[in-house]
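This report refers to the structure that appears directly beneath it.
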Amino acid sequence: MSIRRAYTGVVAGLAVASIGFRRSYRQHLDAAVERLQTVARHEISSEFGTIEYAERGNGAPVLLSHGIFH
């Protein structure tokens, strides 16, 4: 078997695997979006802009923040 043929096989295998990974990722992402759409969200205005929040669950409060440096 030539090296060129081996490389072709490796590239083909990686292409097939990447298609499978992309499909699996897309399915998980769609499921996460569906779960998030069931959460009641609220908005408040502040001097820094609109803040969106959700209240859910029991126990100690947790604050998650992202996108603060945009």
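Counting just the residues of the stretch 1-54 that are farther than 25 Å from S65 by Cα and polar (S, T, N, Q), which one comes out surrounded by the fewest Cβ atoms within 10 Å (Cβ to Cβ)? Steps first, please.
Going residue by residue through the stretch 1-54, those that are farther than 25 Å from S65 by Cα are 1-24, 27.
Going one step further and asking which of them are polar (S, T, N, Q), we end up with 2, 8, 18, 24, 27.
Working: S2: 7, T8: 11, S18: 10, S24: 10, Q27: 10.
Within the stretch 1-54, the match that is surrounded by the fewest Cβ atoms within 10 Å (Cβ to Cβ) is S2.
Report, by residue number, each residue of the stretch 55-64 that is hydrophobic (A, V, I, L, M, F, W, C) and at pLDDT below 85. Steps first, please.
Restricting attention to the stretch 55-64, the residues satisfying the condition of being hydrophobic (A, V, I, L, M, F, W, C) are 60, 62-64.
L63, L64, listed by residue number.
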Inset, instruction - Could you tell me whether the stretch 33-49 includes any residue that is modelled with pLDDT of 90 or more, assigned to a helix (DSSP H, G or I) and of a type outside the set (V, I, T)? - result: yes
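Quick check on the stretch 1-52: of everything there that is touching a strand residue (DSSP E or B) at 6+ places or on another chain (Cβ under 7 Å) and among the hydrophobic types (A, V, I, L, M, F, W, C), which residue is nearest to L63 (Cα to Cα)? If you could, list the steps in order and put the result at the bottom.
Start the filter on the stretch 1-52 by keeping residues that are touching a strand residue (DSSP E or B) at 6+ places or on another chain (Cβ under 7 Å), which leaves 39-44, 50-52.
Subset that is among the hydrophobic types (A, V, I, L, M, F, W, C): 39-40, 44, 51.
Numbers: V39: 16, A40: 16, I44: 15, I51: 12 Å.
Once the filter is applied, the top-ranked residue is I51.
Does R56 fit the bill of being outside any loop (DSSP other than H, G, I, E, B) and basic (K, R)? Working first, answer last.
Values: outside any loop (DSSP other than H, G, I, E, B): no; basic (K, R): yes.
So R56 does not fit the description; no.
The values are calculated or read from the model by the stated rules, or taken from the named source; none is laboratory data. These numbers come from a predicted model, not from an experiment. As a convention, Cβ positions derive from the backbone with ideal geometry for all residues, glycine included, and neighbour counts pool all protein chains shown.
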